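Report on the following structure.
The values are calculated or read from the model by the stated rules, or taken from the named source; none is laboratory data. For clarity, every value in this text was computed on a predicted model and none was experimentally measured. Here the Cβ is made from the backbone with ideal geometry for all residues, glycine too, and neighbour counts use every protein chain on show. What goes into the accessible areas is simple: the full protein's heavy atoms, side chains included, and nothing from ligands, DNA or RNA. Shrake-Rupley method; radii C 1.70, N 1.55, O 1.52, S 1.80 Å.
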Amino acid sequence: MTETPDAYPPSPEFAAAANVDAGVYERAAQDREGFWAEQADHLHWRRRWNQVLDWSEAPVAKWFVGGRLNVAYNCVDRHVLEGRGDKVALHWEGEPGDSRTITYADLLTEVGRAANYLTSLGLTAGDRVAIYMPMIPETIVAMLACARLGLTHSLVFAGFSPTALRQRIDDAEARLVITTDGQWRRGNPAPLKEAVDEALFAHGDVPSSVEHVLVVRRVGIEVAWTEGRDLWWHETVAQTEPAHEAEAFDSEHPLFILYTSGTTGKPKGILHTSGGYLTQTAYTHRVVFDHKPETDIYWCTADVGWVTGHSYIVYGPLANGATQVLYEGTPNFPDEHRHWQIIEKYGVTIYYTAPTLVRTFMKWGRQIPDAHDLSSIRVLGSVGEPINPEAWRWYRDVIGGGTAPIVDTWWQTETGAIMISPLPGITATKPGAAMTPLPGISATVVDEEGNTVRRGETEANGYLVLDEPWPAMLRGIWGDMERYRATYWERFAAQGWYFAGDGAKLDVNGDLWVLGRVDDVMNVSGHRISTAEVESALVGHSGVAEAAVVGATDETTGQGIVAFVILSADATDTGAAMVKELEAEVAREISPIARPREIHVVPELPKTRSGKIMRRLLRDVAEGRELGDTSTLVDPQVFENIRTGRSE
Ligand code: 6R9
């Protein structure tokens, strides 16, 4: 094996042209509020704030108190008024191969029409609107029209079930649902409006809060119609006058609710507001991706139904006047070349995706991206889970031409925007490390009692906490402020810190590594071992494509490590010999205490619709329990497949 470096500094050319210099950390630390005020000044305020931060009612923050702005004006009108109306906002690629180019002037027209029409329906500032749509331009238009009117949107990922949709509609008491007739799924139209009907009628005796369903025609399938309630977008919005004057709202006006899925029972409606959220999403998009509006072509592959789509497809990039790619479909339709073809077609310069997709690309093989000219790429981003060093290096070498810096961005639905990440022109990045809190952000790693884990110690694992408020922070859980306090602020109430629910470590240089959810941290014979570490060791073996690790209750050791692996095409053996080899590999890579108690070769892994492995369910399998709530799973059938796989 050839030597691989441990850290990758930026090239001198990249550093020289970067949007920020290394002094930014120092400047932000000296005057945090002044620093954030500077960032807020990148936006257009109808009235300037008179106080940067009011933390007197902690844990509910107010940022830019007294300020008034219109979020949609900032994302659209401003660019047109400043002479950038002809600049492309969206290069949209439909799954079947259709495409649309939408300039900022086009966006202004469409958002104005939608705003006028929603007003004519009687919706007023503060009302909630549910948006249940695939990745099409109208989804962004709908979000911006809500923002423009001060309506609070609640996106529900278009892969969610009618039950999940109804739950979210009820919780937010939405007056309007915006949807499409259907969505493209690997070449076939799949119904979507039908799911809305089911959500609204299923509880036939319990009327919902919904007065209207506004339907965009996307795939052209037949849909059932409820006269008086249902409205076609092309017969209404598209026929409406576009001129619309944007009204300014308070900096703390609610912008959206987004439900977090999966790990606990009832979904939490995470509430975000306007001024602070837009300030931090725009700032982070500018500095973390080193975004240059004149020359960059930016592509974030997330679905707009997740927080990454909200912050890094809609609000951050549009506030910065970005030109971006929006892609409707899956990465392997019609074949595995799709992403690389899109990058070539538009000359994408910044590509932001999730580790699970990087590992999938690895599984498909490098010959696929190698068949394309990806030389336009200059920055790569990662988000959603820890990225294992093998995937990191592959990403940089194969997709980034061996030179593109990778920004491994740690944040959450709750944080609203990126919190911990390298800066591409400054940081010498380490494969798998989120590295450093951004300028203006404060985070630390503490033990059970809240003592800061001292830098330089070898055993420096602990809990990730955020010890200062930040502009894009959640303002609560919709309708349940008690749960907000209990979930995030009780654990370290004495110190007044936000408990992120993630484990982390500081390495000997003080750089931060996020290890994954603390419920994913195992305790084996008193040793704390991260599921992510073991997974990383397993996928580091050429025979393994994907791995999920859980801690299962063990009589003698507290917890035992149970691994589920999908073998790759390179696997030389698929039976007992392979399992032995993998056990030895983990012991070698981490330590004999990390040697898995069991390794199961399975055909697939249970994932949420946002691509996160559902370890909770795997733990149920490993401990032989009845399965818990599977409602957010993409495909509950995987358990049958896992069981069949296991009995072989
Ligand atoms: C943006 C997003 C949040 C959880 C978070 C953590 C994990 C996200 C990560 C990461 C390690 C990163 N996570 N980014 N773990 N490194 N760069 O994903 O929001 O869906 O709310 O998930 O995802 O565990 O707590 P969300």
Kindly identify the chain as rounded, prolate or oblate by the Cα gyration tensor criterion: order the square roots of the eigenvalues as a ≥ b ≥ c, call it rounded if a/c is under 1.5, otherwise compare a/b with b/c, prolate if a/b is larger, else oblate.
rounded
Could you check how much of the accessible area of the chain is carbon and sulfur, as a whole percent, using a 1.4 Å probe?
49 percent
Expected field for Arg483, accessible surface area in Å² at 1.4 Å probe radius, rounded to 10, holds 60 Å²
Overall form of segment 503-565 per C-alpha gyration tensor (a/c, 1.5; a/b vs b/c)
oblate
Starting from the Kirkwood Rh over alpha-carbon pairs, what translational D in µm² s⁻¹ does segment 443-517 have by Stokes-Einstein at 10 °C and 1.306 mPa s?
122 µm²/s
For segment 1-149, what number results from the quotient of the Cα radius of gyration and 2.2 N^0.38 Å?
1.41
Longer than 25 Å from Cα to Cα, which of Lys62/Lys292; Lys292/Lys345; Lys363/Lys505; Lys62/Lys430; Lys363/Lys612; Lys363/Lys580 are they? Say none if no pair is.
Lys62/Lys292; Lys363/Lys505; Lys62/Lys430
Projected-area mean, segment 62-272, by convex hull of Cα positions, square nanometres
12.9 nm²
Share of Cα-Cα pairs in segment 194-331 beyond 24 Å, whole percent, is 54 percent
Compute the long axis of helix 162-172 from its Cα atoms, compare it with the longest principal axis of the Cα atoms of the chain, and write down the angle in degrees, 0 to 90, nearest 10.
60 degrees
With Kirkwood's inverse mean 1/r over C-alpha pairs for Rh, give me the Rg to Rh ratio of segment 71-173, two decimals please.
1.01
Given the protein chains as shown and a 1.4 Å probe, how many square angstrom of Met143 are accessible, to the nearest 10?
0 Å²
In percent, what relative contact order does the chain have, based on Cα pairs under 8 Å that are 6 or more apart in sequence?
12 percent
Could you report the accessible area of Arg128 in Å², rounded to 10, computed with a 1.4 Å probe on the protein chains as they sit in the structure?
40 Å²
Under 5 Å between amide H atoms, partner at least 5 residues away or on a different chain: which partners does Thr429 have, H built in plane at 1.01 Å?
Tyr8
J(HN,Hα) series, segment 323-340, from Karplus relation 6.51 cos²θ - 1.76 cosθ + 1.60, nearest Hz, glycine and proline x:
9, 9, 9, 10, 10, 7, x, 8, x, 10, 10, x, 8, 6, 8, 3, 4, 6
With equal scatterers on the alpha carbons only and no solvent term, can you work out the Debye log10 of I(q)/I(0) for segment 341-430 at 0.17 1/Å?
-0.71
Write out the GluC sites (Glu not before Pro) in segment 273-366 meeting two conditions: DSSP loop, and at most 12 other Cβ atoms within 10 Å of their Cβ.
Glu294
Scoring segment 230-341 by relative contact order with C-alpha pairs under 8 Å, at least six apart, yields a percentage of 19 percent
Largest-first ellipsoid semi-axes for segment 170-240, taking √(5λ) over the Cα gyration tensor eigenvalues, angstrom
21, 16, 10
Return the calculated 222 nm mean residue ellipticity for the chain, to the nearest 500 deg cm²/dmol, obtained by summing -39500 (n - 2.57) across DSSP H runs with n ≥ 4 and dividing by the residue count.
-7500 deg cm²/dmol
Taking the convex hull of Cα positions in segment 295-342, its mean projected area over all directions (nm²)
3.5 nm²
Dividing the mean separation of Cα pairs under 8 Å (6+ apart) by the residue count of segment 14-74 yields a relative contact order in percent of 26 percent
Residue-wise, which Karplus ³J(HN,Hα) couplings in Hz belong to segment 593-608, taking 6.51 cos²θ - 1.76 cosθ + 1.60, θ = phi - 60°, and x for glycine or proline?
5, 8, 4, x, 6, 9, 10, 10, 7, 10, x, 7, 10, x, 10, 6
Solvent-accessible ranking of Glu385, Glu581, largest area first, probe 1.4 Å:
Glu581, Glu385
